[in-house]
Amino acid sequence: MFASYCMSLASDPMLAPAPQRVVRKISPPLSASAYYAHQTTRRRRSGEGGGDESRVRRQTSLVNAATLMNAVLSRTRSRSFGSFFDESVVVKGCNGVQYIAVLEGTPWPVVREKNYGQIETDAKSLNSLSNNSGHSRRSSDTSQVSVASGGSSSGQNGPDGDDVDRNSQDENWSLWGQIVNDWENFSKKKNQQLRELVRKGVPHHFRGIVWQLLCGSHNSPLKNKYVQYIKAPSPCEKVIRRDIARTYPEHDYFKEKDGFGQESLFNVMKAYSLHDREVGYCQGSAFIVGLLLMQVSE
Amino acid sequence: MSYAYLFKYIIIGDTGVGKSCLLLQFTDKRFQPVHDLTIGVEFGARMITIDGKQIKLQIWDTAGQEAFRSITRSYYRGAAGALLVYDITRRDTFDHLTSWLEDARQHSNSNMVIMLIGNKSDLESRREVKKEEGEAFAREHGLVFMETSAKTAANVEEAFINTAKEIYEKIQEGVFDVNNEANGIKLGPQHGPANVHPGSGNASMSQSGGCC
């Protein structure tokens, strides 16, 4: 797949002569535990019962970067991957509509393909969402500045702005919470509304879950296979290892040598090389996996 | 800045031998122990002076993995010089030189100057390929040879500049036709025959200059 993508890159006169890659700076992901912490404090504040928490938890356990990776890659196999290197990745929706998630430090607004103007506006308007949540891995603020949204208004809101943000955020959260809990129904009956919501941007903390629901990887039979792949040796192991440290080397999650991030990255890459033996491992695909791992667990 | 000539280079070799590090050391004079792996192609540029003339080197840095060979191949065309890099601490990267050389010879113009580079000379303790072996390979295939270290910057300047010198000599000898851009050489703005806007800022010239 990558080979063919590359060929299309090389033959495309618009893309080929300008290979200077922008160093992507993407904010560290929010871990599941931080998500629960946030959820709980929210509930306590608003006096909600914890009744649906177990349901949310159940949904989150479906999070799996490996199957998501497979879903994303296999569905976009025949499509040009050019957009990925424009800081975005194509995610195919459950209803056959293509979405692009923009890789930014702020929430990734998911919009219809090629709607770049919209993306920027969305990124700015949604900046506040990721603003005051408890980011567990947010150790260095320097990696927060994103390319397109250019570190816009976030953090500079006055107290009033913060209140407004928090209210709209709470609304957004409960709505997405309902959607995720009742995915089957919602995606069937209120498809149009879902589309619009997705285009406005899935809140940071739901993104991992929603992506999987959208591409249907949450109940993929491949999950069982993954366990086998992890144990099996792959002929590509050596080459994959060599590139692990060279994938997002400055990102907090991946920079630690043999750390948790690097290990997950390696596992998913190895599993993919066993699953898709024709491709095996191709340099650059670890960037896609790394990106998914920032949102969902291995 | 204006230049008399622009030379197009390409850096090739197995993955992880230090191609991007060599380029970074040459263009930025720094070394990054861990940096992003190269996907497809990247490039850098730097001015050097040879024989009192300003020469701009435009260097294309390629991805080493086999899967990217088809892209790399399209960059040989129109290159005046190539740096063929291997890692002295990994024998397999040396063993693959023949296939790289074949590729280079097949897809480039016959006058392209190829410099063989054994990189990571600072890692003497882990050396797997003797310097003599590199020399012998270079002699056998008519290449210029040098051992470098992108980390300590040893011989890095020399590798790029010696290649440029050789190209420059070939120009003087009339081997290269400087008006044919397929040779990877371009005359600077003030020398260019097809210079439409003389002196109207070099930025636009250097931007449009020499991209394949």
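Computed from the coordinates by the stated procedures, all read-outs in this text should not be read as laboratory data. For clarity, every value in this text was computed on a predicted model and none was experimentally measured. So basically every Cβ, Gly included, is an ideal-geometry build from the backbone, and we count neighbours across all protein chains shown.
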Checking rank on A:190-197, B:152-159, with mean other Cβ inside 10 Å and highest first, the result is B:152-159, A:190-197
Any lysines whose Cα falls less than 21 Å from that of B:Lys151, other than same-chain ones fewer than 8 residues away, would be A:Lys255, A:Lys257, B:Lys19, B:Lys29, B:Lys120, B:Lys130, B:Lys131
Final fewest-first order of B:His141, A:His275 on the 10 Å Cβ neighbour count is B:His141, A:His275
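Residues of A:239-251, mean number of Cβ from any other protein chain within 10 Å of their own Cβ, rounded to a whole number?
Mean shielding count: 3.
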Counted neighbours (other Cβ, 10 Å), sorted fewest up, put A:Tyr229, B:Tyr5 in the order A:Tyr229, B:Tyr5
What the 5 Å binned alpha carbon P(r) of the stretch A:174-215 shows, as percent of pairs per bin from 0, is 5, 24, 42, 26, 3
Correct semi-axes for the stretch B:5-187, from √(5λ) of the alpha-carbon gyration tensor and rounded to whole Å with the largest first, are 24, 17, 16
Mean-square fluctuation maximum in Gaussian network of chain B, Cα pairs under 10 Å, restricted to B:Lys151, B:Lys53, B:Lys131, hits B:Lys53
With bins of 10 Å, the percent of all Cα-Cα pairs of the stretch A:160-298 per bin from 0 is 10, 32, 27, 22, 7, 1
Shielding of B:6-17 by other chains, given as the mean Cβ count within 10 Å, works out to 1
Cross-link reach from B:Lys53 to lysines, straight Cα distance under 20 Å and at least 8 residues apart if same chain, gives B:Lys8, B:Lys165, B:Lys170, B:Lys186
Expressed as a whole number, the average count of other chain Cβ atoms within 10 Å around the Cβ atoms of B:61-71 is 6
Straight-line reach check, A:Lys200, cutoff 23 Å on alpha carbons, 8 or more apart in-chain or any other chain, hits among lysines -> A:Lys25, A:Lys92, A:Lys114, A:Lys124, A:Lys188, A:Lys189, A:Lys190
Largest fluctuation, B:Gly52, B:Gly188, B:Gly78 only, Gaussian network model of chain B with Cα springs under 10 angstrom, belongs to B:Gly52
